[in-house]
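> One structure, pasted below without further comment.
The values are calculated or read from the model by the stated rules, or taken from the named source; none is laboratory data. It should be emphasised that the depicted structure is a prediction, and the values quoted were computed from it without experimental measurement. Note: ideal-geometry Cβ built from the backbone for every residue, glycine included; neighbour counts use all protein chains shown. All accessible areas refer to the heavy atoms of the entire protein, side chains included, with ligands and DNA or RNA removed. Shrake-Rupley method; radii C 1.70, N 1.55, O 1.52, S 1.80 Å.
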Amino acid sequence: MDKINNLDTILKFNEEFVNNKEYEIYNTTKHPDRKMVIISCMDTRLTELLPQAMSIKNGDAKIIKNAGGVVVHPFGSAMRSILVSIYEFDVNEVYVVAHDECGMCNLNTESVIDKMLKKGIDETTINTLYNSGINVKEWLHGFSSIEESLKKSISIIKNHPLLPKNVAVHGLIINPKTGKLTLIENGYQANQ
Ligand SMILES: [Zn+2]
């Protein structure tokens, strides 16, 4: 199989992009005009679909992405990004946008570990981590229900000791094919 040389392609394209001033249409500031932050999944189907389906353009919102579109830990990087958005960039609404057919739903962690071993990770590494308190299998585990996972993320955000009370936290599920949004939690109502 031929290796794809993305780097060369990107650098070549980029030179043209900058020379032709194609960036001009994207000019905006770092403060989101619509005062919102979105946390969503890294799924490739959502790269352009999600902002289009939500009518988000450059400059409108902060967007945080990870596998599953989840806030796992109250003091992890996703929550930190949300808090920085709020305190440094005047954000007052959080949109947690999960999606149907998410790869983190029922992820086969056994199989991921098998692939790690096949790609040269030593089994003793997995065991050493386990003995020092990191269960790789559990750590990799996403969730078994998209809606429950969404509600869990919302709960971590809403119950965060550093979250100002007036911030609305909404929960939605997007269809990765049609872009249709299903409202799970209306953060305005929850704040009343
Ligand atoms: Zn996903």
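> So what is the relative contact order of the stretch 47-192, in percent, for Cα pairs below 8 Å that sit 6 or more residues apart?
31 percent
> If you don't mind, another one. Can you return the lysines within cross-link range of LYS21? Criterion is Cα-Cα under 18 Å, with same-chain partners fewer than 8 residues away left out.
Hits, sequence-local ones excluded: LYS12.
> Give the percent of DSSP beta bridges with both residues in the chain that are antiparallel, rounded to the nearest 5.
The answer is about 15 percent antiparallel.
> Over all directions, average the projected area of the Cα convex hull of the stretch 4-87 and note it in nm².
Over all viewing directions, the stretch 4-87 projects a mean Cα-hull area of 7.2 nm².
> Right, something else. What FRET efficiency would be calculated for the residue pair ASP122, LYS152, taking the C-beta separation as r and a Förster radius of 35 Å, to the nearest 0.05?
The calculated FRET efficiency here is 0.60.
> Of LYS62/LYS119; LYS35/LYS152; LYS119/LYS158; LYS3/LYS180; LYS30/LYS165; LYS115/LYS158, which pairs sit farther than 30 Å apart, going by alpha carbon to alpha carbon?
LYS62/LYS119; LYS119/LYS158; LYS3/LYS180; LYS115/LYS158
> Something else: Kirkwood Rh over Cα pairs of the stretch 106-151 into Stokes-Einstein at 25 °C, 0.890 mPa s: D in µm²/s?
Working: Rh = 11.7 Å.
The diffusion coefficient I find is 210 µm²/s.
> Here's a follow-up. Given a 1.4 angstrom probe, what's the average accessible area per residue across the chain, in square angstrom?
For the chain, the per-residue accessible area is 67 Å².
> While we're looking at this one, here's another question. At a 1.4 Å probe radius, which order do PHE143, PHE17 fall into by accessible area, largest first?
Numbers: PHE143 20, PHE17 50 Å².
Sorted descending by solvent-accessible area, the residues read PHE17, PHE143.
> Per Stokes-Einstein, at 10 °C and 1.306 mPa s, what whole-number D in µm² s⁻¹ belongs to the stretch 1-42, with the Kirkwood radius over Cα pairs as the hydrodynamic radius?
For the chosen part, D equals 116 µm²/s.
> List the residues whose amide H sits under 5 Å from the amide H of ILE38, counting only those 5 or more places along or on another chain, with H placed 1.01 Å from N in the peptide plane.
LYS62, ILE63, ILE64, TYR95
> Give me the distance between the Cα centres of the stretch 117-191 and the stretch 33-82, rounded to whole Å.
Going from one Cα centre to the other spans 13 Å.
> In Å³ and rounded to a whole number, note down the convex hull volume per residue for the Cα atoms of the chain.
Roughly 168 Å³ of hull volume per residue.
> What net charge is computed for the residues neighbouring ASN135, neighbours being all others with C-beta under 15 Å from the C-beta of ASN135, Lys and Arg scored +1, Asp and Glu -1?
For residues surrounding ASN135, the net value is -2.
> How many percent of all Cα-Cα pairs in the stretch 62-102 sit more than 13 Å apart?
Working: 431 of 820 pairs.
Of the Cα pairs, 53 percent sit more than 13 Å apart.
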